[in-house]
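Here's the structure we're looking at; comments come further down.
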Amino acid sequence: MKRLALFIATLLFMAGCAKAPITGRTQIIMLSPDQEMALGLQTEQEIFKQERISHDPKYTVPVERVGRRIAKATNIDLDWKFYVIDNDKIPNAFCLANGHVFVYTGLFKYIDNDAQLATVMAHEIAHAIAHHVAERLSVAQLTGLAAAIANRAISQSGSEYAQLYKAAIGIGSQVGVMLPYSRMQESEADHIGLIIMSMACYDPKEALKFWEKFAKAGKEPIVYLSTHPTSRSRIERLKELMPNAIKEYGKCHQKRSGNPL
Ligand SMILES: [Zn+2]
């Protein structure tokens, strides 16, 4: 047991520490940028096989417009691409590690303006720029190496741990889209997303309107599954972050229009 702990500690040391953007949280990332890109591409090939891509400008034009503005605000150089998936039943979006963003047409029922679309797209982009999938996989990798501990933990612990392990071993077909984010990562994506949408000059108060509307409709993006924060705690947290977001929005607004908010 002691030897195993030492082994894990050494691995953690070797993995080096990354820092999430905006929040500055320290992360363990054991995947190289090339590996992350490869996983993104692999997932993308499966998506193209399984889903119908929409070319309807009613959806593609706003998705491209909002996506480009958020991508620019991140100041991160990825191969940003924006796609619409033709599926009215799914009110969701996701962003792969290679910076390719997919929005389902089903989301548009809940979107009144660009700032609300930016709310969802910035949240998904936040998962990508904070390397959340790589982080989950790194944790899973450590988990796998420490199989003895992992097995015992799975039998003893809640579904969160078991889910991660299962997702990790189902890697081939599930990376990216299906791999559930942890509650902590969801909350971090809300935080980063709110700030970057504000840095891209979208009014962050629209994020509150969107989540409240979404909660009222009893809808949650399916990707959150059981790990997502409840709508109430999400909205409360966004309210706490709002003064900072409004500051960023004000800066951008002044730069664009020459006038303060
Ligand atoms: Zn999320």
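When LEU142 is tested against (1) more than 15 Å from the ligand (Cβ to nearest atom); (2) at pLDDT below 95; (3) in contact with a strand residue (DSSP E or B) (Cβ under 7 Å, 6 or more places away or on another chain), just one condition goes unmet, and that condition is (3).
Do we have any residue at all in region 15-24 that's assigned to a helix (DSSP H, G or I) and modelled with pLDDT under 90? Yes. On the stretch given as region 31-40, residues that are surrounded by fewer than 18 Cβ atoms within 10 Å (Cβ to Cβ) and among the small types (Gly, Ala, Ser) total 2. On the given criteria, is ALA148 at pLDDT below 90, open to solvent by 20 Å² or more (accessible area, probe 1.4 Å) and away from the ligand (no atom under 16 Å from the Cβ)? When the stated conditions are applied, ALA148 passes them. The set of residues in region 26-41 that are in contact with a helix residue (DSSP H, G or I) (Cβ under 8 Å, 6 or more places away or on another chain) and either of a type in the set (D, E, K, R) or assigned to a helix (DSSP H, G or I) (or both) comprises GLN35, GLU36, LEU39. Taking the criterion of being under 23 Å from THR119 (Cβ atoms) and open to solvent by less than 30 Å² (accessible area, probe 1.4 Å), the residues of region 41-82 that qualify are ILE47, SER54, PRO62, VAL63, VAL66, GLY67, ILE70, ALA71, ALA73, THR74, TRP80, PHE82.
The values are calculated or read from the model by the stated rules, or taken from the named source; none is laboratory data. Please read these numbers as outputs of a predicted model, since none were measured by experiment. Cβ coordinates were reconstructed from backbone atoms using ideal geometry, including for glycine residues, and neighbour counts include every protein chain displayed. Just so you know, the surface numbers come from the protein's heavy atoms only, side chains and all, with ligands and any DNA or RNA stripped out. Shrake-Rupley method; radii C 1.70, N 1.55, O 1.52, S 1.80 Å.
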